[in-house]
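Accompanying notes for the structure given below.
The values are calculated or read from the model by the stated rules, or taken from the named source; none is laboratory data. As the structure is a computational prediction, the values presented were derived from the model and not from experiment. Please note: Cβ atoms are built from the backbone with ideal geometry, for glycine as well, and neighbour counts cover all protein chains shown. Each accessible area value is taken on the protein alone, full model and side chains, heavy atoms only, with ligands, DNA and RNA left out. Shrake-Rupley method; radii C 1.70, N 1.55, O 1.52, S 1.80 Å.
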Amino acid sequence: MKLLTILLAFAMFRWLEKPHSIKSFDWVESLHQWLAKRCSGLDQVYALTLVTPLLVMLVAFSSILAFEQDSLLHLLLHVVIVYYCLGPETMKSLLDSHHKVIDEVAQGSQSETEQLINHMTDAAMHRWFGVFFWYAVLGVYGAVLFRMVCHLQQVKINKDDDSIRATLKLLEFPVAVLMTVSLALASDFDRIWKHCKQYLNGETIRTLNSQFLYKSMDYAVEQCEVDTAETHDVKIIGITTYTVLTRMLVVWLVFAALMVIFSIG
């Protein structure tokens, strides 16, 4: 059921234009501000902001929307929720539009191409992989939780509060590990693994540092996928990065399908 939900939700997200009404997670910010006026501690406000919607969902699913797990209504409900959590914009729109981050990539100390690869990888984690992973682990609660934390981080609520960043790192780390594995499978496994393992150590795991994913992705695109003559062509780099990310997603879906097959058998 979860695999079918993911496939249907992604198909809708990929080929249907999302209405603005189901793109917005501004209600999370509004809830946070409302709670901030009634609670003093930042950590308490943050925790209530995440827990309250999940409790409302739990009550709704156990009473009002208590559909049979194998029913069509149950499937449609999950598809709609996962579809809502994906994005809000597609990865393709990141290439087709003049996104402000892409417009400003040359302003940093890193190379223009590396910043573009890192930005697209980060966007794919938040728009695709993180939602799918936490839906597979915790169901619709995991998908909504991940998107709420991403939204709070994006709008930079309470810049001095480390709770949001810490939670996002915790949610991102297992996703980054699986994305790196899928990257190796979707590209040159030996070369990617040799490059990646230099960033994997006890400190990486202890601090939940996902830098190994971004370093591996940059290496895969510039060294394994793009010709040397095109290394600094931002357009080619963007298209290639998008292609590699799509192949990584296919690896995830194939692996999920195999798990379903073996579980049935």
Out of the residues in region 34-75 that are aromatic (Phe, Trp, Tyr) and modelled with pLDDT of 85 or more, which is surrounded by the fewest Cβ atoms within 10 Å (Cβ to Cβ)? Trp34
When you scan region 195-211, do you find a residue that is part of a helix (DSSP H, G or I), of a type in the set (Ser, Thr, Tyr) and surrounded by fewer than 16 Cβ atoms within 10 Å (Cβ to Cβ), even just one? yes
When Leu58 is evaluated against the numbered criteria (1) among the hydrophobic types (A, V, I, L, M, F, W, C); (2) closer than 25 Å to Ile6 by Cβ; (3) in contact with an Asp or Glu (Cβ under 8 Å, 6 or more places away or on another chain), which criterion, by number, is the only one it fails? (3)
Restricting the search to region 46-64, which residues are among the β-branched types (Val, Ile, Thr), without any contact (Cβ under 8 Å) to a residue 24 or more places away in the chain and part of a helix (DSSP H, G or I)? Val51, Thr52, Val56, Val59
What do you reckon, is Glu225 within 18 Å of His119 (Cβ to Cβ), modelled with pLDDT under 80 and open to solvent by less than 80 Å² (accessible area, probe 1.4 Å)? yes
